[in-house]
Every structure is written in structure tokens, then in C-alpha cells.
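The structure appears below as C-alpha cells.
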Amino acid sequence: MSNTQGEHTTGTLVATEAHGGEANFPPFDSTTYPSQLLWLALTFGVFYWIMSKVVIPRISGILEDRRDRIAGDMAEAARLKQETDDAIAAYEKALADARKKANSMAQDARDRLKAETEAARNAAEEKLSVQLTEAEQRISKIKQESLAEVGEIAADTAGDVVKALIGGRAPAKATVTKAVENAMK
């Protein structure tokens, strides 16, 4: 087989011999520009139509869904933050109320204990006062009885002393009693 007919040794046509012996790269061949421009326009149109009718709406939908989801998540986060802030405020108020109530209960207990202690102290003082009055009355009675007996004891003692000093008989009891009474006044 010869290469003069544009055949290759494997039986395929080679464009180099059909076009004058030189091979041109088809996109750079000026004879194919109009068909290349036509196919470029058709391909661009098809791709433009596919992009505008299929791809861009899907991408826009995805972006819109994402934007909506982000906005929803942000709204949910703001709502949860508000609930948290409200819960914290309610907790702090409850804590303050509990402290106030505890202080009030403690003050009431102190006041009640103070009143009970004061009442017990007053009762004890009153009881002691009664006992003191009774003791003073007993002491006064004992003192009066003792003073009444002192004159008699003094008269007996004076009679015994005079008897011991004189060495004889004791003076009359009435005389000694009268002398002791005069001395005690």
C-alpha cells in the first residue's frame, strides 16, 4: 500500500494528504469558522437555557432555604436566650424572696424567743420578788421574836452576872427586867 491516496498503513484516511500535504488544527482552520460560531452559539444557548431554567433556580432555592434556616435558627437562639434571661431573672427574684422570707422568719423567731425569754425572766423576777418579800417577812418576824426574847435573855444574864459579882442571891427578876428595858431604849 502506498501513502499517495491518503491511507495510512492501518487503513484510515489521513487528512494531511487530502489537504495539500499539511495538517491544520481544526479550530484554527478559517474554513470552519462559520460552523464553529454556529455551534458555539447553539451550545451557549443550550447551556444558558439549562443554567437559567434548572441550575440557577435550584441554587437560588438552596440559598433561600439556607437563609431561611439561618434566620429561623437565629430567631430560635434569640427566643432561647430570652427564655434563659427570664429564667435567670425569675431564679434571682425567687432567691431574693426566699432570703427575705428566711430573714423574716429568723427575725420572727428571734422576737418570739426574746418575748418568751423576757416573759420567763419577768416570771422568775416576780417569783423571786415574792420569795424575797416572804423571806424578809420571816426575817422580820424572827427578828422581832428574837428581840422580844433578847430582853428576857438579857435580864436572865444580868441577874446571873449580878449574882456572880455580889456573891449572894440574885436580885428580883422584875427589877432586873426593868433595868434591862431602860437600857435597851
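We did not get these values from a lab; they are worked out from the coordinates using the rules stated. Predicted, not measured: the structure shown is a model, and the values here were computed from it. Glycine also receives a Cβ, built like all others from the backbone with ideal geometry; neighbour counts cover every protein chain displayed.
Odds and ends about this structure:
- Relative contact order, percent, the stretch 51-184 [alpha-carbon distance under 8 Å, six or more residues apart]: 13
- Of all lysines in the structure, those lying under 27 Å Cα to Cα from residue 185, and not within fewer than 8 positions of it along the same chain, are 141, 143, 163, 173.
- Tilt relative to the chain, helix 33-50 - C-alpha long axis, 0 to 90 degrees, to 10: 30
- Calculated volume of the Cα convex hull per residue in Å³ (choose from (1) 415; (2) 155; (3) 110), label: (1)
- Of 117, 43, 175, the one that fluctuates the most in a GNM where the chain has Cα springs shorter than 10 Å: 175
- Under 21 Å from the Cα of residue 114 - lysines, other chains or at least 8 residues apart: 100, 101, 127
- Highest-MSF residue in the chain out of 29, 73, 86 [GNM, Cα springs under 10 Å]: 29
- Expected-Rg normalisation [2.2 N^0.38 Å, Cα atoms] applied to the stretch 39-124: 3.01
- Straightening the chain between residue 55 and residue 92 buys 7.9 nm, computed as 0.36 nm per residue apart minus the Cα-Cα spacing.
- Note on residue 82/residue 106: beta-carbon distance plugged into 1/(1 + (r/R0)^6) with R0 of 41 Å gives a FRET efficiency of 0.70.
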